[in-house]
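Structure first, commentary second.
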Amino acid sequence: MFVDSPVEQTTAMTDLMLALQSVGAIVMLSRFRVRQPMWTSVWTWFFGLLTLASFLGAVSHGVECQQSIQNAIWTIVYLALGLVMALFAVAAVTMTWNDLLARRCVPYFMVIAFCFFAVTQIWSDSFLLFVIYEAIAMLVSLALYSACLWSRRKPGSAFLAAGIVVGIAAAIVDTQSSLQMKLIWTFDNHGLFHIVQMLSLLLISIGIYISHLAPSKRRTCNDEFMPDALC
């Protein structure tokens with residue numbers, strides 16, 4: 001049974017659109033895997049986990065479920081989102097420095113992601129925690145991409161930085177719990193968050209695409225610090 005609330009329906013639909021957008025980004029990345037395996041693999045995992053989280057979010061908002069099923073869905077969503085933001089930071093390190101340093105950072109970022117996940121299981125307002133966690137990860141990544149833009153002129157860094165700025169704006173929108181807007185359909189703060197987030201992902205995807213068009217100087221994926229699944 002689908003939910004009766006129009007606001008929940010629009011939130012579910014925008015979540016589903018985010019999932020489809022992420023699948024499109026994965027298809028784009030599949031064209032570049034051989035050329036830049038580390039950079040491509042990190043972003044592929046990023047969009048893959050985002051697809052999972054967005055699809056489950058669509059199910060949670062759009063389908064009538066028992067509370068136990070809702071709890072199970074959001075447990076998976078928070079784990080996926082924690083890993084998504086960790087990989088986001090890994091990608092920023094990869095562009096700013098090199099693959100070797102990024103691979104060494106992976107275990108530390110994964111620990112942070114799992115700590116975030118553990119806290120969401122005991123904090124009543126877990127989505128607010130995710131917004132805070134997301135904002136911190138994005139601010140760190142914004143600083144790194146800005147350094148690439150102004151001091152190193154790395155191709156694609158301008159779009160990546162712009163995508164982060166829009167993503168931070170999306171996080172701010174999501175914190176406004178009383179926000180509602182009618183754009184043909186009625187959207188609450190979560191639905192509007194998804195819409196702004198789609199623009200953020202578009203800018204990030206353009207930045208990734210531009211970075212792949214430029215000659216790569218990144219190191220190859222031959223270091224013991226990176227799991228085989230990311231190589």
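The values are calculated or read from the model by the stated rules, or taken from the named source; none is laboratory data. Model, not experiment: these values are computed from the prediction. Here the Cβ positions follow ideal geometry from the backbone for every residue, glycine too, while neighbour counts run over all protein chains shown. Quick note on the areas: whole protein, heavy atoms, side chains included, nothing else; ligands and nucleic acids left out. Shrake-Rupley method; radii C 1.70, N 1.55, O 1.52, S 1.80 Å.
Computed quantities for the displayed model
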quantity: Gln176-Asn71 pseudo-label distance in nm [points 7 Å out on the Cα-to-Cβ vector]; calculated: 3.4 nm
quantity: Residues of the chain: accessible area per residue with a 1.4 Å probe, Å²; calculated: 49 Å²
quantity: Contour excess over end-to-end distance, with Cα ends at Leu213 and Val27 and 0.36 nm allotted per residue; calculated: 65.4 nm
quantity: Ranked packing of 58-64, 171-177, most packed first, by mean Cβ within 10 Å; calculated: 58-64, 171-177
quantity: Three-way shape call for segment 9-66 based on the alpha-carbon gyration tensor, with the a/c threshold at 1.5; calculated: prolate
quantity: Amide H contacts under 5 Å for Val3, placed H, 5+ residues apart; calculated: Val63, Glu64
quantity: Selected from Val42, Val90, Val111 as most flexible by GNM, with the chain as the system and alpha-carbon contacts under 10 Å; calculated: Val111
quantity: Carbon and sulfur %, accessible surface of the chain computed with the full protein complex present, 1.4 Å; calculated: 71 percent
